[in-house]
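Contents: one structure, followed by commentary.
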Amino acid sequence: MRNFWQCCGSSIGIAQGAGCGKYLAQWMVHGQAEINMREFDPRRFGAYADNEYTRAKSFDDYENMFATPLPGEERDAGRPNRTTPLYETLKARGAVHTEAFGWERPKWFSPDGRQEEPGFRRNNVFGIVAGECRAVREHVGVMDLSSFAKCDVSGPDAPALLDRITANRMPRGPGGLVLTHMLSADGMIEGEVTITHLADDRFFVLSGVATELEVLDKLVQSVRDGEDVTTANVTDDYGMLVVAGPKSRELLARLTDADLANDRFPWLTGQQIDIAGVPCRALRVNYVGELGWELHAPMAQLAKLYDAIWNAGGDFAIADFGAYAVNSLRMEKAYRGLGSELTNEITLIEADMARFVAFDKGDFIGKKATQSRQDSQLSTRLVYAEVDAGDSDILGGEPVFQGSDVVGVCTSGGYGHVVRKSLAFAYVDPQFSDPGTVLEVQILGERYPLRTLGEPAYDPQNTKMRG
Ligand SMILES: Cc1cc2nc3c(=O)[nH]c(=O)nc-3n(C[C@H](O)[C@H](O)[C@H](O)COP(=O)(O)OP(=O)(O)OC[C@H]3O[C@@H](n4cnc5c(N)ncnc54)[C@H](O)[C@@H]3O)c2cc1C
């Protein structure tokens with residue numbers, strides 16, 4: 001609803017504190033708080049957080065109030081909540097799920113039923129995730145990523161609306177797709193979406209799992225009086241399988257009459273095709289940096305699609321992969337994450353993503369502010385780096401030092417299993433952001449060298465994805 005705010009879902013001290021009031025007031029007056037208030041935003045929960053779920057989580061939260069949550073730990077209260085038709089199948093294959101916006105998402109695949117030993121250091125899943133990563137880089141992998149938030153946006157004014165609320169150039173025509181960002185009037189990053197132009201005035205807008213309601217709000221509330229745009233949240237209607245790896249084309253070619261050759265189905269395009277008789281919105285894009293497709297199919301037919309892919313993939317040593325592998329693979333490609341590297345506290349300039357801003361297109365929300373940020377002295381800048389880590393990789397939040405001075409903070413990281421490097425993103429004082437700068441990062445009380453990199457550790461020219 002327009003002009004309706006909520007301050008809820010926080011415990012009593014924080015909810016009644018002056019700070020919370022201040023940032024809520026900023027949000028009401030300026031449309032945005034000056035710091036990242038994501039953990040207070042009621043839209044961090046969706047309709048899935050019904051009474052039963054909320055009750056289970058509330059009890060669990062109080063019971064664990066003074067426990068230190070460990071990386072890798074799963075809390076089972078209220079789960080499973082949102083599942084896809086593949087949930088049981090994947091579990092039977094060893095999938096260990098994690099929860100995101102109510103969804104059960106495969107995190108890794110246990111070959112022998114053993115569970116993860118949670119902790120801050122590398123643990124028993126390290127080698128298994130390495131295998132999942134290698135399968136994607138060397139053969140082909142498949143992952144159920146149905147949890148992506150999905151909207152159909154259509155109507156005569158849909159192109160104008162989408163163009164106005166996003167920073168990148170719109171797709172060139174039907175079949176085109178772009179990665180683009182939604183900004184505040186101050187140029188701060190509010191969302192990241194992939195827009196595919198399906199046909200005429202119909203668009204498919206994808207965003208990360210946790211921003212389902214924020215993106216929906218933005219789409220609905222940005223429509224001007226008199227504009228004719230229809231937005232439908234189709235998140236639960238479409239499942240999605242990522243099929244990625246050098247053998248993905250050969251594999252899918254066995255299941256479709258569609259021409260998947262590079263000139264007929266290039267990188268960063270989408271087509272409606274049938275795969276194993278299942279109608280799919282096939283997009284040639286992925287977050288792992290390989291030749292591959294996202295296949296968005298009717299949820300009810302997801303299992304049929306998965307079985308067909310799996311059966312056709314035997315010759316290619318197809319493997320399931322999960323969210324741990326995705327994190328490793330995206331770190332190798334230096335792909336930023338919304339909520340960690342991309343937040344409403346910075347613009348695309350600090351995030352070193354100016355190439356995603358079409359300064360030469362017409363006006364869009366946040367354009368002027370982004371332009372002036374580009375011309376001004378920055379106070380912080382994103383760097384991508386390799387870390388001479390010991391047995392613990394960057395999770396986010398670790399301080400970065402130059403001598404005895406703290407000059408930055410890590411936002412996320414992980415071990416790149418194929419490039420064999422521990423990788424990190426950090427925001428640092430811009431004077432230390434040149435590639436090759438050596439700084440130090442503190443992990444679990446110890447300092448380790450951190451070297452800034454000028455390009456992705458894996459396939460910097462994107463030859464794999466374009467291939
Ligand atoms: C031990 C403890 C446990 C708690 N547990 C809970 C809990 O479990 N759940 C819960 O809801 N609440 C809890 N509370 C209460 C909760 O932390 C507070 O109600 C809440 O933090 C108040 O928020 P605030 O933003 O108004 O103030 P604060 O969080 O106190 O923020 C005020 C800020 O202003 C800064 N400041 C002060 N003077 C100046 C100045 N002159 N110039 C610049 N900056 C200044 C301070 O450094 C501080 O960062 C707990 C409090 C304590 C002490």
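Cross-link partners for K57 among the lysines, with Cα-Cα distance under 27 Å and sequence neighbours closer than 8 places in the same chain left out: K91, K107, K150. In order along the stretch 406-421, phi translates into HN-Hα couplings of 7, 10, x, 9, 6, 10, 6, x, x, 8, x, 5, 8, 7, 6, 9 Hz, rounded to whole numbers, per the Karplus curve 6.51 cos²θ - 1.76 cosθ + 1.60 with θ = phi - 60° and x for Gly and Pro.
Rank F204, A185, S154 by how far each Cα sits towards the positive end of the charge dipole of the stretch 149-233 (+1 on Lys, Arg Cβ; -1 on Asp, Glu Cβ) and give me just the farthest. The residue sitting farthest along the positive end of the dipole is F204. Need the list of aspartates and glutamates near K361 for cross-linking: C-alpha distance under 12 angstrom, and skip anything on the same chain fewer than eight residues off. Hits, sequence-local ones excluded: D163.
With a Förster radius of 45 Å applied to the C-beta separation of L70 and R466, the computed FRET efficiency comes to 0.65. Sparse packing (at most 12 other Cβ atoms within 10 Å of the Cβ) combined with a DSSP loop state is found for the following chymotrypsin sites (Phe, Trp or Tyr not before Pro) in the stretch 39-99: F66.
Taking the Cα centre of the chain as reference, the dipole from Cβ charges on Lys and Arg (+1) and Asp and Glu (-1) amounts to some 540 debye. With the charge dipole of the stretch 1-120 set up from +1 on Lys and Arg Cβ and -1 on Asp and Glu Cβ about the Cα centre, the Cα lying farthest toward the positive end among the listed residues G13, F120, V29 is that of V29.
Could you sort out which of K218/K367; K333/K421; K22/K368 sit more than 21 Å apart by Cα distance in this structure?
Flagged as over cut-off: K22/K368.
Eigenvalues of the alpha-carbon gyration tensor of the chain, scaled by 5 and square-rooted, set the equivalent ellipsoid semi-axes at 31, 29, 25 angstrom, largest first.
Placing a label point 7 Å from the Cα of E39 along the Cα-to-Cβ line, the residues of the stretch 51-86 whose backbone N sits under 19 Å from it are 57-75. Looking at the stretch 104-249, the accessible area is 36 square angstrom per residue; that uses a 1.4 Å probe and ignores ligands, DNA and RNA. Among rounded, prolate and oblate, which fits the stretch 272-322 when a ≥ b ≥ c are the square roots of the eigenvalues of its C-alpha gyration tensor, a/c under 1.5 means rounded, and a/b larger than b/c means prolate? It is oblate, given that a/c is not under 1.5 and a/b is not larger than b/c. Within the stretch 356-430, what whole-number % of the accessible surface is contributed by carbon and sulfur, with the 1.4 Å probe and all protein chains included in the calculation? The computed percentage sits at 45.
Note on A77 and L444: the model spin-label points, each 7 Å out from Cα along the C-beta direction, lie 2.8 nm apart. Per residue, the accessible area of the stretch 287-441 comes to 38 Å² when a 1.4 Å probe rolls over the protein heavy atoms. Simple rule: put +1 on each Lys or Arg Cβ and -1 on each Asp or Glu Cβ in the chain, find the dipole, and look at P106, T380, T437; the Cα lying farthest toward the positive end is T437. Report summary: the helix-based calculation at 222 nm, which adds -39500 (n - 2.57) for every DSSP H run with n ≥ 4 and divides by the residues of the chain, gives -6500 deg cm²/dmol.
Compute the Cα gyration tensor for the stretch 219-321, then decide on rounded, prolate or oblate, letting a ≥ b ≥ c be the square roots of its eigenvalues: rounded whenever a/c is under 1.5, prolate when a/b is larger than b/c in the other cases, and oblate in all that remain. If you can, show how the numbers build up before the last one.
Numbers: a/c = 2.30, a/b = 1.84, b/c = 1.25.
The shape class here is prolate.
A full extension of the chain between M28 and Q431 corresponds to an added length of 141.5 nm, given 0.36 nm per residue minus the alpha carbon distance. On the protein heavy atoms, probe 1.4 angstrom, tell me the percent of accessible surface of the stretch 238-317 carried by carbon and sulfur. Summing carbon and sulfur atoms, their accessible area is 51 percent of the total for the stretch 238-317. Can you compute the FRET efficiency between Q115 and Q374 using 1/(1 + (r/R0)^6), with r the Cβ-Cβ distance and R0 = 41 Å? Round to the nearest 0.05. About 0.30, to the nearest 0.05.
Mean sequence separation of contacting Cα pairs (under 8 Å, at least six apart), scaled by the length of the chain, corresponds to a relative contact order of 15 percent.
The separation of the stretch 112-170 from the stretch 251-287, counted between C-alpha centres, amounts to 18 Å. Cβ-Cβ distance of A253 and R172, R₀ of 25 Å, FRET efficiency by 1/(1 + (r/R0)^6): the value works out to about 0.45. Summing +1 for each Lys or Arg and -1 for each Asp or Glu among the other residues whose beta-carbon sits under 9 angstrom from that of P435 gives -1. Here the gap between W5 and D50, fully extended at 0.36 nm per residue and compared with their Cα-Cα distance, gives a gain of 14.2 nm.
Only the Cβ atoms of Lys and Arg (+1) and of Asp and Glu (-1) were treated as charged; on that basis the dipole of the stretch 374-449 about its Cα centre amounts to roughly 160 debye. Would you work out if the stretch 87-182 is rounded, prolate or oblate? Take a ≥ b ≥ c from the square roots of the eigenvalues of the alpha-carbon gyration tensor; rounded if a/c is under 1.5, else prolate when a/b is larger than b/c, oblate otherwise. Prolate shape, in that a/c is at least 1.5 and a/b is the bigger ratio.
The values are calculated or read from the model by the stated rules, or taken from the named source; none is laboratory data. In this text the structure is predicted, and so the values were computed from the model without any measurement. Cβ atoms come from the backbone with ideal geometry, glycine included; neighbour counts cover every protein chain shown. Calculation scope for accessible area: heavy atoms of the full protein, side chains included, ligands and nucleic acids excluded. Shrake-Rupley method; radii C 1.70, N 1.55, O 1.52, S 1.80 Å.
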